[in-house]
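Just below is one structure, and these are the notes that go with it.
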Amino acid sequence: MQISASMVKELRERTGAGMMECKKALVEAKGDVELAVEKLRKAGQAKADKKAGRVTAEGVVAIEHGDAGAAMVEVNCETDFVAKKEEFQSFAALAARRALQEQVTDAAALAALPADAGSDESLEERRRALVATIGENITLRRAAWTPRHGDHLGVYLHQGSRIGVVVDLTGGSEELARDVAMHVAAVRPLALDEQDLDPEVLEKEREILRAQVADSGKPPEIQEKMLTGRVAKFLKENTLLGQPFVKDPDVTVSKLLSARGAKVMAFTRFEVGEGIEKKSGNFAEEVMAQVREREKEPG
């Protein structure tokens, strides 16, 4: 059967696969577009499975917000080069949009959603197809939903969308909400206040500080005062309300909010790759290894 340019174009639009891959699939399917789609999806899944073990520490954070709240996702890839590609960023924006529409807080649940309303293709299938097209492992790592309880949502993206923040603020103004979001992006507080801090994190820090003061050689009562002071310093530096405001270090965030009649209800901060152990090695060798692997792939 003659494979026309319009058939190849249709298949490319439906699958996102390369022109030669589409033509090959149509030839193998004897012009049956649906069968060609199935073949390309299977090939894409095989490629995605093959690349699944690769470390993905680059990528972007995407945020979508509306009257009900804000959704934020982290989508990862292997290299900064791919993170800047339009098709990768479009996928991240789509994931954030679907997370907003469905108010999803779990990456696995988000991946299972239809990629588009009424579509039979899931976000996970769209991700696998993108892996096949781009040639790198891609992961939908995290998703967060921040419901709007206050009057304003502060939304901020920083460093080429590598850091994303959502702040739910009651009172104050839109400008203040954004300023607080910028502060969270820059200073990265661990929690809103001491009550909001993970008890395990605080206890681990106490143990470290206790060991430090024990080595001081001071009397026990002095050591206890030293420990109390150092714990207070840790809380001030790592809780949002205790931190000096990044745009005016003479006031704390708590005092800033109080002066503006505002209160932070919640905040969420994502930074691309945080907590992921990155591989170190020779970059040129890694690139050549990927080139050799791609040359072995059919199509």
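Which residues in the range 142-168 have a backbone N closer than 18 Å to a point placed 7 Å from the Cα of Ala266 along the Cα-to-Cβ line?
Zone members listed by number: 142-156, 164-168.
Which value in deg cm²/dmol, rounded to the nearest 500, describes the helix-derived mean residue ellipticity at 222 nm for the chain, given -39,500 (n - 2.57) per DSSP H run of n ≥ 4 and division by the residue count?
-15500 deg cm²/dmol
Each label point is 7 Å from the Cα along the Cα-to-Cβ direction; what then is the distance between the points at Glu200 and Leu227, in nm?
Output for this residue pair reads 2.2 nm.
From the phi angles alone, apply the Karplus equation (6.51, -1.76, 1.60; θ = phi - 60°) to the range 218-235 and give each ³J(HN,Hα) in whole Hz, x where the residue is Gly or Pro.
For the range 218-235, the Karplus-derived couplings read 6, x, x, 5, 6, 4, 5, 5, 4, 4, 4, x, 6, 5, 4, 5, 4, 5 Hz, x marking Gly and Pro.
What distance in nm separates the two pseudo spin-label positions at Asp151 and Lys30, each 7 Å out from Cα along the beta-carbon direction?
Inter-label distance under the simple model: 7.0 nm.
Quick one: P(r) of the chain from all Cα-Cα pairs, 10 Å bins, percents rounded to integers, in order of increasing distance.
So the P(r) values, bin by bin, are 6, 22, 25, 21, 14, 8, 3, 1, 0, 0.
What FRET efficiency do you get for Ala108 and Ser216 if R0 is 41 Å and r is their Cβ-Cβ distance, rounded to the nearest 0.05?
0.30
Using 0.36 nm per residue, how much length does the chain from Ser6 to Thr170 gain when fully extended, once their Cα-Cα distance is taken away?
Full extension from Ser6 to Thr170 adds 53.6 nm.
Roughly how many nanometres apart are two label points built 7 Å out from the Cα toward the Cβ at Ala259 and Met19?
Inter-label distance under the simple model: 6.2 nm.
For the peptides 197-207, 230-240, 87-97, 126-136, what is the packing order when you average, over each peptide's residues, the other Cβ atoms within 10 Å and list the highest mean first?
126-136, 87-97, 230-240, 197-207
May I ask you to evaluate 6.51 cos²θ - 1.76 cosθ + 1.60, the Karplus curve with θ = phi - 60°, for each residue of the range 144-151 and list the ³J(HN,Hα) values in order in whole Hz, giving x for glycine and proline?
9, 10, 10, x, 7, 9, x, 8
In whole Hz, with x marking every Gly and Pro, tabulate ³J(HN,Hα) for the range 172-184 from phi via Karplus 6.51 cos²θ - 1.76 cosθ + 1.60, θ = phi - 60°.
Values, residue by residue: x, 8, 4, 4, 5, 4, 5, 4, 5, 4, 4, 4, 4 Hz.
For the chain, modelled as a GNM with alpha-carbon contacts under 10 angstrom, which of Arg260, Arg188, Arg162 fluctuates the most?
Arg260
If you average the alpha carbon positions of the range 204-242 and of the range 99-141, how far apart do those two centres end up, in angstrom?
Answer, in whole Å: 45.
If I take R0 = 41 Å and measure r between the Cβ atoms of Asp248 and Glu87 in this structure, what FRET efficiency does the formula 1/(1 + (r/R0)^6) give, to the nearest 0.05?
Details: r = 41 Å, r/R0 = 1.01.
Taking R0 as 41 Å, the efficiency between Asp248 and Glu87 is 0.50.
Roughly speaking, to the nearest percent, how much of the range 124-218's 1.4 Å accessible area is carbon and sulfur?
46
Accessible area per residue, 1.4 Å probe, Å², for the chain: what's the number?
55
Which pairs in the list Lys9/Lys39; Lys236/Lys263; Lys84/Lys263; Lys84/Lys204; Lys218/Lys247; Lys39/Lys85 are over 28 Å apart, alpha-carbon to alpha-carbon? Please report the intermediate quantities before stating the final value.
Values: Lys9/Lys39 16 Å; Lys236/Lys263 18 Å; Lys84/Lys263 36 Å; Lys84/Lys204 38 Å; Lys218/Lys247 39 Å; Lys39/Lys85 26 Å.
Pairs exceeding 28 Å: Lys84/Lys263; Lys84/Lys204; Lys218/Lys247.
Output the relative contact order of the chain, whole-number percent, from Cα pairs under 8 angstrom with separation of 6+ residues.
Working: 499 pairs, mean separation 52.1, N = 299.
It comes to 17 percent, rounded to a whole number.
Select from Thr79, Val272, Leu26 the residue farthest towards the positive end of the dipole of the chain; place +1 on Cβ of Lys and Arg, -1 on Cβ of Asp and Glu, and compute about the Cα centre.
Checked the options; the winner is Leu26.
The values are calculated or read from the model by the stated rules, or taken from the named source; none is laboratory data. Just so it is clear, the model here is predicted, and its values are computed rather than measured. Backbone-built Cβ (ideal geometry, glycine too); neighbour counts: all protein chains shown. Surface accessibility is based on the protein's heavy atoms, side chains included, excluding ligands, DNA and RNA. Shrake-Rupley method; radii C 1.70, N 1.55, O 1.52, S 1.80 Å.
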